[in-house]
Structure formats: structure tokens, C-alpha cells
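Here's the structure we're looking at; comments come further down.
The values are calculated or read from the model by the stated rules, or taken from the named source; none is laboratory data. Just so it is clear, the model here is predicted, and its values are computed rather than measured. Ideal geometry is used to build each Cβ from the backbone, glycine not excepted, and the neighbour counts take in all protein chains shown. For the accessible areas, the whole protein counts, side chains as well, though only heavy atoms, and no ligand, DNA or RNA atoms are used. Shrake-Rupley method; radii C 1.70, N 1.55, O 1.52, S 1.80 Å.
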Amino acid sequence: MPHVPEKPVLLTGAAGNLGRVLARDLAAQGWTLRLTDIHSFPDPMPPRASFVRADLNDGVALLRQAEGCGAILHFGGVSVEQPFETVFGPNLRGLYHVYEAARREGARVIFASSNHAIGFHERPQGSDPKLDADCAFRPDGYYGLSKAYGELMGRLYWDKHGVENVNLRIGSCFPKPTEARMLSTWLSFADLTRLVTAAVTAPRTGHCVIWACSDNPASFWGKDHRDRIGWQPQDTAEAFRGEVGNKLSGNPVTERYQGGSYAAMEYSRSKPSPRDPFALD
Ligand code: NAI
Ligand code: 15L
């Protein structure tokens, strides 16, 4: 049984797909959880957990929920591509509220970032090197842009205020892969729970960024800071190759970029964006 944190842990987005998994699994590990979401929590309340319904736009509510917490698992907000005005409140203002609460409590933030912060990097082909976590941000929409902002918010609060933060650049976290791209990007629920556990219980993290995918041989991603928290994934998408290996989109933009269909949404360039993020063509 992993180490149980001394202080309660706040989980935003608790009523969402990943929030529900974490609420169940972390409570089963003996953790004391404070759950919050704008929607009601749909499951029976886990042992030692409490729930407060609140909007991430409400900074005072977040300060109250975070009182006495040692870590904030920030999984709430808009979780897919949406118009800028929809993303803005929950994902940008909400993130500021989370970091201000963490600063006041001296809490560590575990941020559910996304591959869409870097979704306009091309997928590696053949012997191409995999992408390291210190690559340039190349968001593939307003949602991905909000995740890049979240990671940079972590950079700022570590450098200026010493607020520790672990940024999980999640690939595709679902019960199982549903398309060929997920042979590269899939993260199992069990690997997610182990990752969050390691991120909260590691003695020191500073500001770090971790590719959150299972042990997928077809992964797009290379080096990151996982050694700092002692996490290694144990599951693999490869087990599903027979089921999803031929499920391709048929869209050349989707297939070219790591962010897949998000890169193709409202795409209006006449030529593909170049490999080098600083190239001018
Ligand atoms: P989800 O959409 O199921 O959960 C997000 C939760 O945030 C929802 O329960 C929603 O009610 C809540 N929320 C939205 N706006 C809010 C507001 N204004 N105030 C308070 N709560 C609000 O998404 P999912 O799949 O559980 O993802 C969780 C986190 O992980 C998200 O931040 C998402 O961006 C990130 N992520 C998820 C991936 C996946 O494959 N599931 C991949 C990459 C990142
Ligand atoms: C994400 O960031 C989304 O939250 C999730 O719904 C999937 O679309 C995932 O990325 C993905 O790229 O598969």
C-alpha cells in the first residue's frame, strides 16, 4: 500500500471521467479527499471524502476548499476543444485560483495537462527521435493553449513562490484504446492512479513535466522528469493493436500531427505547418 499523505488532498473535476477514477482509487488507498466540481458527484461518496459543488471561476470557494490541504489535483475544467470564450473562465481564470490557493496553503499542484499543448508537433516516423518534454509548446487549439498556459503557470509559481507542481501531459486516458493513434497515446486508468500517487508522495518535485502515457512501444514521446517522482507505467496499448491498429481517420492533417483530430479542427493553412516550430514557411 503506497504512503498515505498526512494532509487532505483536494481534487477538482471530481465528477468527470478521470476524477471519478481517482476519487475511487485514491480513497481505496486510505487517502482523505476533498472533492469538488460544478456538477454533482455521481457516485456513492468514498470513505473519508467530502464533496463541495463549486465553479472554478469562484476563487473564494477554491481558497476555502483548499484550506489545510497538502496537494491539489487539478483535473477540472473544459476537457476538449471549445471556443475561446468557453475555455477562458474554467481553464485560465480557474487555474489562477488553483495556484493562488496552493500558494496560500504551501500545497503541491498536480495539473492534468494534455498532449494538445504540443499537438502540432508531427508524429515521429521510422527512426525519427521521440519528442522530449522540454520541446516547444505547439498547441493545436484554444484548449491545448490553455494547457500550455497551465504548465507555464506552474513554472511561474515555482520560480517566484516555490509552489511545487507536477504537470501530467496526458495522452488519451480511457478504459481502452479506441483508434490507431491511441496505440501511441493511451494511458490506462491504473497507470494514471499510480502516476498521481507518485506525484503527490514524492519527497521533492520542483516544477516538472511528465508524458502521461502507458508503456507504449509506439509512443511519440521521449525524455521527461519521471525519475524525480519514481514513476514507471506498467500497462501497454500494444495489447490492443489487433483491435484498433487499422482504425485510421482518413484525414491527412489528423494523421500527420500528434494531436490528431484536434489539429484538423478548423484547419485553414494551404500547406502543412513546418516541422521546425521556428521555420517561416
Ligand atoms: P471531464 O470533462 O470528464 O471532466 C472535467 C470535469 O471538470 C467535469 O466533471 C466538469 O463538470 C468539470 N468542470 C468543467 N468546468 C468547470 C467549472 N467551471 N468549475 C468546476 N468544474 C468544472 O474530463 P476528463 O476526461 O475527466 O479529464 C480530466 C482532466 O484531464 C481535464 O483537465 C482534461 O483536460 C485532462 N485530460 C484528459 C485526457 C483524457 O484522455 N481523458 C487527456 C488529456 C488531458
Ligand atoms: C484530451 O486532452 C482530451 O481531454 C481527451 O478527451 C482526448 O481527446 C485526449 O486529449 C486525446 O488526445 O486523445
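Within segment 252-278, if we keep just the residues that are open to solvent by 40 Å² or more (accessible area, probe 1.4 Å) and among the small types (Gly, Ala, Ser), the residue that is nearest to ILE170 (Cα to Cα) turns out to be SER261. One residue is enough: does segment 83-92 have a residue meeting the conditions within 19 Å of GLU105 (Cβ to Cβ) and either among the polar types (S, T, N, Q) or crowded, with 20+ Cβ neighbours inside 10 Å (or both)? Taking every residue of segment 83-92 in turn, none turns out to be within 19 Å of GLU105 (Cβ to Cβ) and either among the polar types (S, T, N, Q) or crowded, with 20+ Cβ neighbours inside 10 Å (or both).
Restricting to segment 99-121, and then to whatever is more than 19 Å from HIS161 (Cβ to Cβ) and free of Cβ contacts under 8 Å to residues at least 60 places away in the same chain, can you tell me which residue is farthest from ligand 2 (Cβ to nearest atom)? Write out each step before concluding.
Taking segment 99-121 and keeping what is more than 19 Å from HIS161 (Cβ to Cβ), we get 112-121.
Next cut, free of Cβ contacts under 8 Å to residues at least 60 places away in the same chain only: 114, 117.
Numbers: SER114: 3, ALA117: 9 Å.
The residue in question is ALA117.
The residues of segment 45-69 that are in contact (Cβ under 8 Å) with a residue 40 or more places away in the chain and either open to solvent by 30 Å² or more (accessible area, probe 1.4 Å) or among the aromatic types (Phe, Trp, Tyr) (or both), listed by number, are ASN57, LEU63, GLY68.
Looking at GLY141, GLY150, GLY106, which is the one that is under 21 Å from VAL196 (Cα atoms) and open to solvent by less than 50 Å² (accessible area, probe 1.4 Å)? Steps first, answer last, please.
Working: GLY141 fails: under 21 Å from VAL196 (Cα atoms); GLY106 fails: open to solvent by less than 50 Å² (accessible area, probe 1.4 Å).
Selected residue: GLY150, the only one of GLY141, GLY150, GLY106 that is under 21 Å from VAL196 (Cα atoms) and open to solvent by less than 50 Å² (accessible area, probe 1.4 Å).
Among the residues of segment 153-174, those that are more than 8 Å from ligand 1 (Cβ to nearest atom) and either open to solvent by 20 Å² or more (accessible area, probe 1.4 Å) or farther than 20 Å from LEU22 by Cα (or both) comprise MET153, GLY154, ARG155, LEU156, TYR157, TRP158, ASP159, LYS160, HIS161, GLY162, VAL163, GLU164.
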